[in-house]
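First comes the structure, then the notes that go with it.
Rule-based calculations on the coordinates, nothing more; no lab input. Small disclaimer: the values here were computed from a predicted structure and weren't measured. Positions of Cβ are backbone-derived with ideal geometry, glycine not excepted, and every protein chain shown enters the neighbour counts.
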């Protein structure tokens, strides 16, 4: 029988993103879960690759009666992080551009997002905040495009809050089955909801 210590780690554990994912999850088993949730939600809104939903789900499953409180903290951290991303794009873009374009975002995706602001403004922020679309691309691009910061903040609160409180609601209602349901259906639900919102806005514009 092989000594477990001599068995090589599975390939997934050598994947940098998998290691970061496991590190994020590890905070759920410490007394610092909530501060870590706020910090991860903050940095994910501008540069960090792992969404805070991972830790939010783990914390909420461990204490379902506090799920909405965790969602509130997650929303706060994410919106503040979004404002930091906006500040990077608005005031520090010339300094940060070499470190962001290429290592974090491709130039093509960043220019595409910036162009979307010319068409949809704050609606683009809401869609990115609520759906699996990388929110961080939109926060920095919003600053570069210099869209209205009040509208940006409100769209971020609605989008991020809607997403995280939806996670909390599923956990409160579904109990132990919540993680399975979120893993299987959550992205589909948020994408469909985002598309319905866009459709509603388009119909409103046509019927005015």
Order these peptides, 121-128, 58-65, by their mean beta-carbon neighbour count within 10 angstrom, highest first. 121-128, 58-65
Just report the Cα centroid separation between segment 56-127 and segment 138-183, whole Å. 10 Å
Rounded to two decimal places and with Rh computed the Kirkwood way over Cα pairs, what is Rg over Rh for segment 100-159? 0.94
In what sequence, highest mean first, do 108-115, 95-102 appear when ranked by Cβ atoms within 10 angstrom? 108-115, 95-102
For segment 41-137, list log₁₀ I(q)/I(0) at each q in 0.11, 0.13, 0.14, 0.17 Å⁻¹, using the Debye formula over Cα point scatterers of equal strength and ignoring solvent, two decimals each. -0.37, -0.50, -0.57, -0.79
